[in-house]
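Reviewing the structure listed below.
The values are calculated or read from the model by the stated rules, or taken from the named source; none is laboratory data. Note that the coordinates shown come from a computational prediction; the quantities given were computed from them, not determined experimentally. Positions of Cβ are backbone-derived with ideal geometry, glycine not excepted, and every protein chain shown enters the neighbour counts. Accessible surface is based on the protein model in full, side chains and every heavy atom, while ligands, DNA and RNA are left aside. Shrake-Rupley method; radii C 1.70, N 1.55, O 1.52, S 1.80 Å.
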Amino acid sequence: MNQEKVIVIDFGGQYNQLVARRVRECNVYCEIYSYRTDIEKIKEMNPKGIILTGGPNSCYEDNSPTYQKELFELGVPVLGLCYGAQLMMHVLGGKVEKAPVREYGKTEVFVKKTSPLFADVSEKTICWMSHFDYISKPADGFEITAHTADCPVAAAENMAKNLYAIQFHPEVLHTQEGTKMLYNFVRNVCGCAGTWRMDSFVENSIKEIREKVGDGKVLCALSGGVDSSVAAVLLSKAIGNQLTCVFVDHGLLRKDEGDEVEEVFGPKGPYELNFIRVNAQERYYKKLAGVTEPEAKRKIIGEEFIRIFEEEAKKIGAVDFLVQGTIYPDVVESGLGGESAVIKSHHNVGGLPEHVDFKEIIEPLRDLFKDEVRKAGLEMGIPEKLVFRQPFPGPGLGIRIIGEVTGEKVRMVQEADAIYREEVDKAAENYKVANGTEAPWMPNQYFAALTNMRSVGVMGDERTYDYAVALRAVRTVDFMTAESAEIPFEVLQKVMSRIINEVKGINRVFYDLTSKPPGTIEFE
């Protein structure tokens with residue numbers, strides 16, 4: 001990215017992606033790097049600002065994540081958040097120790113409006129605290145700029161050196177004026193112009209793709225989901241008929257979805273794409289037979305995914321590039337960015353086999369978060385219906401079926417999921433007609449997953465011993481944190497009744513109330 005950027009140095013905090021997202025909302029490009037990143041690499045990136053994330057450790061203990069003092073002497077503005085704030089004080093000679101009172105949750109914070117971070121922020125504001133250590137003594141040269149009833153140093157700054165420390169988390173929505181604080185840092189303190197916009201991203205990406213591909217041939221992995229669809233249209237605008245889109249129907253899609261994808265992107269669709277559909281359902285079921293471990297399933301799905309593309313490439317002739325709809329959270333969650341633990345191997349990132357028979361893999365959306373992908377899609381004229389489609393994981397129903405994947409289990413979860421989505425959509429539409437507004441409970445993502453639990457039931461005076469299905473519905477802004485949606489009980493009751501009566505093999509329905517974190521949105 002040849003433009004101004006702010007970098008996030010990750011110390012293992014759960015909100016690392018969220019920090020980067022909030023910075024990008026200020027139209028400033030931002031990337032995440034591990035605290036193990038060499039200082040020379042950071043200098044080469046020439047960042048306009050640096051943000052240090054939170055983390056689960058105590059900065060004063062041996063072997064805790066740290067960074068050398070030189071980071072704070074680069075002349076680049078640095079903002080430390082929670083652990084990052086404590087580490088800044090610790091490295092620069094302040095004192096951090098176990099807090100006499102731990103703070104967690106929404107907390108009233110009193111700020112000094114003279115601080116550039118708190119310009120236009122209320123003197124009393126609600127912020128999200130999450131710490132058991134505290135800054136008992138700021139480093140020399142720092143002025144305390146915020147406090148709470150129990151935390152004497154909720155924020156401190158050394159304006160002469162452009163160093164800022166915040167004990168709370170401005171990046172989470174629970175901090176009411178957090179976005180304003182981050183805007184003040186990246187736009188006012190760091191002096192960023194705010195040039196990170198989707199129109200320029202699309203324009204620059206098309207230009208870069210043309211230069212990279214030249215007269216080469218390109219295969220695009222098209223799943224029909226938002227990410228791969230946007231990637232396909234972006235490539236088609238860049239190189240036209242040099243692109244061939246291959247849609248692998250692995251038998252793990254939602255009900256009727258394979259046909260829907262072909263309808264949109266196939267010969268009769270609105271896009272002039274070279275389109276190939278590969279029906280590989282039985283091939284996948286055979287490979288997945290007997291496999292129950294989630295990571296193993298992901299790896300198998302990823303490997304077959306690539307092997308099928310290699311086979312299609314040979315049929316077409318010499319193919320130089322493979323295009324995938326990988327996005328930034330895929331990279332971070334696969335352990336290839338930042339410092340957080342590997343949450344899951346995404347089928348098109350951490351799940352790739354070591355040998356891939358293409359010159360290069362092009363991932364034009366690799367630097368984007370999901371909402372930015374949607375903006376790019378709208379920028380290119382992709383219909384809203386496609387752009388705002390519910391997210392669907394690359395491994396598909398393979399990770400919405402707990403345990404072994406079989407054709408019969410796929411049928412069950414497809415039918416249950418279709419009923420669930422149909423009834424939720426119908427109830428939301430009825431609410432809108434009756435009230436003139438969107439239903440306040442309407443989830444951003446909702447689906448059914450098949451558990452590996454079987455239990456006794458009674459149907460028609462006969463004993464059954466069948467599977468339980470779990471319904472998941474979340475409300476979220478950015479899919480990095482999420483809360484369970486409060487779908488009306490009568491809607492859930494109707495869904496339960498229909499699934500048990502209409503889907504052979506299921507005799508019990510659960511509703512998942514888990515938020516993210518501690519859970520993930522998907523089951524595996």
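For the chain, the longest principal axis of the C-alpha atoms and the axis of helix 294-316 are separated by about 70°.
When all protein chains stay in place and ligands, DNA and RNA are ignored, the 1.4 Å accessible-area order of E61, E263, E157, largest first, is E263, E61, E157. Per residue, the chain exposes an accessible area of 43 Å² to a 1.4 Å probe, with every protein chain left in place. Computed from point charges on the beta carbon alone (+1 for Lys and Arg, -1 for Asp and Glu), the dipole magnitude for the stretch 75-146 about its Cα centre is near 120 Debye. Across D150, D249, D140, the residue with the most accessible area heads the list, and the full order at a 1.4 Å probe is D140, D150, D249. Hey, any idea what % of the chain's accessible area is carbon plus sulfur with a 1.4 Å probe? Here carbon and sulfur together make up 47 percent of the probe-accessible area.
Between beta-carbons, use under 9 Å as the cut-off and find the net charge around V246, counting Lys and Arg +1, Asp and Glu -1. Around V246, the charge tally is 0. The modelled label-to-label distance for the pair K426/E108, using points 7 Å beyond Cα in the direction of Cβ, is 4.9 nm. Normalised by the number of residues in the stretch 144-276, the mean separation of alpha-carbon contacts (under 8 Å, six or more apart) gives a relative contact order of 13 percent. Only protein heavy atoms count here; under a 1.4 Å probe, R508 has an accessible surface of about 90 Å². Other residues whose C-beta falls under 9 angstrom from the C-beta of V491 contribute a net charge of 0, scoring Lys and Arg +1 and Asp and Glu -1.
Annotation for V101 and Y511: the two label points, set 7 Å from Cα along the Cα-Cβ direction, are 3.7 nm apart.
Put a plus charge on the Cβ of each Lys and Arg, a minus charge on the Cβ of each Asp and Glu, and nothing anywhere else: the dipole of the chain about its Cα centre is then about 260 debye.
May I ask for the net charge around V458, where only other residues with Cβ less than 12 Å from the Cβ of V458 are counted and Lys, Arg are +1 while Asp, Glu are -1? Spelling it out: positives minus negatives among the neighbours equals -1. For H90, the accessible surface of its heavy atoms amounts to roughly 70 Å² (probe 1.4 Å, protein chains only, rounded to the nearest 10). Here the stretch 106-165 is assigned +1 on the Cβ of each Lys and Arg and -1 on the Cβ of each Asp and Glu. Its dipole about the Cα centre then comes out at about 60 debye. The trypsin sites (Lys or Arg not before Pro) of the stretch 6-52 meeting both criteria, a DSSP state outside H, G, I, E and B (loop) and at most 16 other C-beta atoms within 10 angstrom of the site's C-beta, are R36.
Between A160 and E486, the C-beta separation translates, for a Förster distance of 45 Å, into a calculated FRET efficiency of about 0.35. Can you work out the FRET efficiency for the pair D215 and K69, with r the C-beta to C-beta distance and R0 = 51 Å, to the nearest 0.05? Here the calculated transfer efficiency is 0.50. Accessible surface for E282 stands near 130 Å², nearest 10, in the context of the full protein assembly shown (1.4 Å probe).
The listed residues K268, K112, once ranked by accessible area (1.4 Å probe) with the largest placed first, stand as K268, K112. Summary value for the chain: 11 percent relative contact order, contacts being C-alpha pairs under 8 angstrom separated by 6+ residues. What length, rounded to one decimal in nm, is gained on full extension from E462 through to I39, with 0.36 nm per residue of separation minus their alpha-carbon distance? Computed gain between E462 and I39 is 145.3 nm. The antiparallel fraction among DSSP beta bridges confined to the stretch 414-524 stands at about 75%.
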